[in-house]
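The values are calculated or read from the model by the stated rules, or taken from the named source; none is laboratory data. Since the model is a prediction, treat every value here as computed from it, not as a measurement. A quick note on method: Cβ atoms are made from the backbone with ideal geometry, for glycine too, and the neighbour counts reach across all protein chains shown.
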Amino acid sequence: MRPLRIVIVGGGISGLATALVIQEASVVKGLACHCTVLEAASYWGGKIVTHRAGDLLTEAGPDSFLSQKPAGLDLCAKLGLTEQLINTNDTKKKACVLWRGRLYDLPDGLISFAPQQWTPLLRSGLLSWSGLARLGLETVIPRGVPGREESLASFCRRRFGRQAFERVLEPLMAGIYAGDAEQMSLRATFPRFFELEQRHGSVIRGMVAATRAASQTKGAGSHHTMFVSLKNGLGDLVSALTARLREQGVDLRLRCKVEALRVRSHEPGRWMYDLLLEDGSALSADGLVLATPAYVSAELVRPLSPIAGGLLDMIPYASTATVALAYPAKNVVGTIQGFGFVVPRKEGRDLIAATWTSLKWPYRAPADQVLVRCYVGGVGREKTLDVDDHTLVTRVHGELARICGIQEKPHYTEVNRWWKAMPQYTIGHLDRLAQLEAALSRYRGLVLVGAAYRGVGIPDCIRDGTAAAEKVLADLAGGRHGKAVR
Ligand SMILES: Cc1cc2nc3c(=O)[nH]c(=O)nc-3n(C[C@H](O)[C@H](O)[C@H](O)COP(=O)(O)OP(=O)(O)OC[C@H]3O[C@@H](n4cnc5c(N)ncnc54)[C@H](O)[C@@H]3O)c2cc1C
C-alpha cells in the first residue's frame with residue numbers, strides 16, 4: 001500500500017507543531033505516512049521572527065509565551081531547548097499603566113488576582129475610592145446568565161466596575177489581542193473568567209481559591225516566571241522544530257504558495273485533496289491541514305463549502321506594528337523602571353503598550369544600551385500605521401519622550417509591520433466555530449488549525465496543532481468521523 005500523503009499548508013508555529021505530532025504519532029501507530037509542509041514565505045515560523053542587529057536581539061512578532069499553559073514548555077523540552085529558556089528579570093518586577101498622561105504602578109501578574117498583588121494597586125491612586133469600592137463589590141455581584149454571549153467590556157464593567165475596566169483590565173486584557181473589548185467575546189478570549197464566575201460566583205473568589213489550591217499542591221512551585229522566552233530569541237524554537245522535522249524526513253518547502261483547493265472522491269466518504277500551487281504545479285493529499293490565517297483558509301475551502309468560506313470570512317483581523325528603539329543607557333537610566341506600560345484605549349494614544357525589553361529580559365542588549373519595544377495599531381487604531389517608518393518612529397519616540405521624559409534620540413530603530421495579523425474572537429466566535437465544524441464535517445481528513453480559532457498565544461497554537469494532528473491521523477486510519485475544526 002502506498003504511504004498516506006498528508007500536506008500541511010502554512011509553516012507558522014501551528015503548522016510546524018502539527019507536522020511534528022503527525023510524524024511522531026504515525027510512527028507510533030504504525031501508519032506509513034509522507035508529510036509535507038508548504039509555506040508561502042521565504043522563511044519558517046510565520047509571526048515568530050527574531051532579528052539580530054549588532055549586539056541587540058529584537059523580536060519582530062511575539063517576544064515570549066505563557067509558562068502556565070504547558071504546551072510551549074513541553075515542546076521546548078521535546079526539542080532539547082529547556083536549558084535555553086529564560087525567565088523575566090527578577091528586579092523591579094512590575095508594569096505600569098498610563099492614565100491621563102501619568103504612569104501608575106501595576107504589580108506583575110495582576111491578572112492572576114493573587115491577594116498579595118493588590119496592595120500596590122490600592123495604594124497607587126489609579127482608582128478613586130468609589131472605583132475601589134465598586135471593585136470590592138465583585139465578590140457579591142450576582143452571576144451573569146450562563147447561556148448569554150457577553151463582550152469582554154460588558155463582563156468587566158458588570159463585575160469590576162467602569163473604572164477598573166477602563167484603567168486596568170481593558171489595556172491588560174484587550175491589549176493582548178490588539179482588540180476592542182466592546183466587540184471581543186469573553187468566552188472565546190478569557191474563558192477562565194467566565195468559568196470562575198459560573199463556578200464560584202465571583203472571579204476574585206475563584207482566583208483566590210485557585211491560587212490557594214495551587215500553592216498547596218505545587219510545593220516549591222514552578223521555577224518559571226509567568227512569561228518565558230529563549231536566550232537567543234523565539235526564532236530558536238522555529239529552527240529547532242524545522243531541524244527536527246527534516247531529521248524525521250518531513251518534506252519542508254518554502255516559497256510554495258497554495259492558490260486553490262479542489263476535492264475528489266474515489267469512494268464514498270474518502271477524499272483526495274488537490275492543491276494548486278502558485279508556480280502552476282499541483283499536489284494531492286489524503287489528509288490536509290490548513291494552518292493558514294482564516295482569510296486564506298476561507299478562499300481555499302470556499303469551493304468545498306461556501307458556508308465554511310463565509311464563516312471564516314467573519315473572523316476579522318487587526319493590523320499592528322512593533323517598533324524597536326535602542327538608546328544609550330546613560331541617557332535613559334532613571335527615566336524608566338519596571339517592565340514597561342500599557343495604554344488604555346480611553347487615552348487615545350498611538351501606543352498600545354511599551355516594553356523595556358532590556359530591563360525585562362536578559363540577553364537582549366549590552367549593558368550600555370536600553371532596548372525598548374513599542375506596540376502600535378490594533379482594532380480601531382489602524383490609522384496609526386498609515387505613515388512611513390520614519391514618521392512612525394518619530395511619533396513613537398515622541399510619545400516616550402512625553403510620557404517618560406526620554407530626551408535623547410534612539411540610535412537604533414526597527415519597524416515591523418503586521419498586516420491582518422491578530423485574529424479577533426468577536427461575539428459569537430464559538431458559535432461560528434461550531435457551525436464551521438458542521439459545514440466541513442463531511443470532509444474527512446481535512447482539518448483547520450491555528451491562531452484564528454482557539455487561542456492566539458504560542459502555547460495555544462501548539463496545543464491546537466497536537467489536536468489537529470491526532471484528528472487527521474484518526475480520520476485517515478479509518479477512525480470515527482470527528483471534528484473538522486480544531
Ligand atoms: C506583533 C505580535 C506579537 C505577538 N506577541 C505574542 C507573544 O508575546 N506571545 C504569544 O504567545 N503570542 C504572541 N502573538 C501571537 C502569536 O505569535 C501568533 O498567534 C502565532 O504565532 C500564530 O501562529 P500560526 O502558525 O497560527 O499563524 P502564522 O504564524 O500566521 O502562520 C501562518 C503561515 O501560513 C503561511 N501562509 C499564508 N498563506 C499561505 C498560502 N496560501 N500558502 C502557503 N502558506 C501560506 C504564512 O506565510 C504563515 O507563515 C503575537 C502576534 C503578533 C502579530
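State all residues of the range 427-454 that are of a type outside the set (A, V, I, L, M) and either touching a helix residue (DSSP H, G or I) at 6+ places or on another chain (Cβ under 7 Å) or surrounded by 22 or more Cβ atoms within 10 Å (Cβ to Cβ) (or both); if no residue qualifies, say none. Across the range 427-454, the qualifying residues are H429, R432, Q435, R444, G445, G450, Y453, R454.
Screening the range 382-406 for residues that are at negative phi, in contact (Cβ under 8 Å) with a residue 60 or more places away in the chain and surrounded by fewer than 18 Cβ atoms within 10 Å (Cβ to Cβ) and picking the one that is farthest from the ligand (Cβ to nearest atom) gives R402. So, of the residues in the range 300-318 that are free of Cβ contacts under 8 Å to residues at least 60 places away in the same chain and part of a loop (DSSP other than H, G, I, E, B), which turns out to be nearest to the chain's Cα centre (by Cα)? Only one residue tops the list, namely R302. Condition (residue is surrounded by 19 or more Cβ atoms within 10 Å (Cβ to Cβ), out of contact with any Asp or Glu (no Cβ under 7 Å at 6 or more places or on another chain) and of a type in the set (D, E)) applied to the range 273-280: is it met by at least one residue? Among the residues of the range 273-280, not one is surrounded by 19 or more Cβ atoms within 10 Å (Cβ to Cβ), out of contact with any Asp or Glu (no Cβ under 7 Å at 6 or more places or on another chain) and of a type in the set (D, E), which makes the answer no.
A quick yes/no check of all residues on (1) under 29 Å from R52 (Cα atoms); (2) hydrophobic (A, V, I, L, M, F, W, C):
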{"position": "R345", "(1), (2)": "no, no"}
{"position": "L351", "(1), (2)": "yes, yes"}
{"position": "S358", "(1), (2)": "yes, no"}
{"position": "D386", "(1), (2)": "yes, no"}
{"position": "T394", "(1), (2)": "yes, no"}
{"position": "A439", "(1), (2)": "no, yes"}
{"position": "L448", "(1), (2)": "no, yes"}
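Under the condition of being more than 14 Å from the ligand (Cβ to nearest atom) and out of contact with any strand residue (DSSP E or B) (no Cβ under 8 Å at 6 or more places or on another chain), the residues counted in the range 274-286 number 1. With respect to (1) in a loop (DSSP other than H, G, I, E, B); (2) more than 26 Å from Y317 (Cβ to Cβ), the lone exception for C76 is condition (1). Which of the residues spanning the range 1-45 are within 8 Å of the ligand (Cβ to nearest atom), in a strand (DSSP E or B) and aliphatic (A, V, I, L, M)? Answer for the range 1-45, where residues must be within 8 Å of the ligand (Cβ to nearest atom), in a strand (DSSP E or B) and aliphatic (A, V, I, L, M): V9, L38. Going through (1) more than 14 Å from the ligand (Cβ to nearest atom); (2) within 26 Å of the chain's Cα centre (by Cα); (3) in the same structural domain as G61 (by TED's automatic domain parsing) one by one, A321 falls short only on (1). Screening A438 on (1) more than 19 Å from Y375 (Cα to Cα); (2) touching a residue at least 40 places away in the same chain (Cβ under 8 Å) shows it passes everything except condition (2). I111 satisfies every condition listed in (1) modelled with pLDDT of 90 or more; (2) among the β-branched types (V, I, T); (3) under 20 Å from the mean Cα position of the chain (by Cα); (4) more than 12 Å from the ligand (Cβ to nearest atom) except (1). For the range 407-452, taking the residues that are of a type in the set (V, I, T) and not in a strand (DSSP E or B), the one that is farthest from the ligand (Cβ to nearest atom) is identified as I427. Evaluated against (1) away from the ligand (no atom under 16 Å from the Cβ); (2) touching a residue at least 12 places away in the same chain (Cβ under 8 Å), R264 falls short on exactly one condition, (2). I'm trying to understand the selection: among the residues of the range 46-72, which are within 8 Å of the ligand (Cβ to nearest atom), in a loop (DSSP other than H, G, I, E, B) and more than 12 Å from F227 (Cα to Cα)? Once the filter is applied, which keeps residues that are within 8 Å of the ligand (Cβ to nearest atom), in a loop (DSSP other than H, G, I, E, B) and more than 12 Å from F227 (Cα to Cα), the range 46-72 yields G46, K47, I48, A60, G61. The number of residues in the range 453-474 being part of a helix (DSSP H, G or I), of a type in the set (A, V, I, L, M) and near the ligand (Cβ under 7 Å from one of its atoms) comes to 1. Comparison of L31, L75, L66, L79 shows that the only residue that is assigned by TED's automatic domain parsing to the domain that holds A365, of a type outside the set (D, E), surrounded by fewer than 22 Cβ atoms within 10 Å (Cβ to Cβ) and in contact with a Leu (Cβ under 8 Å, 6 or more places away or on another chain) is L79. Within the range 287-316, the set of residues being within 30 Å of T413 (Cβ to Cβ) and either outside the structural domain of C33 (by TED's automatic domain parsing) or away from the ligand (no atom under 14 Å from the Cβ) (or both) comprises just one member, P316. Is one or more of the residues making up the range 305-327 among the hydrophobic types (A, V, I, L, M, F, W, C) and modelled with pLDDT under 95? No, the conditions are met nowhere in the range 305-327.
Scoring D105 on the criteria (1) in contact with a Lys or Arg (Cβ under 6 Å, 6 or more places away or on another chain); (2) assigned to a helix (DSSP H, G or I); (3) farther than 16 Å from I458 by Cβ leaves a single failure, condition (2). Note on the range 178-189: residues that are out of contact with any helix residue (DSSP H, G or I) (no Cβ under 6 Å at 6 or more places or on another chain) and surrounded by fewer than 22 Cβ atoms within 10 Å (Cβ to Cβ) amount to 2. For the range 194-213, the criterion of being surrounded by fewer than 13 Cβ atoms within 10 Å (Cβ to Cβ), without any contact (Cβ under 8 Å) to a residue 40 or more places away in the chain and not polar (S, T, N, Q) is satisfied by at least one residue.
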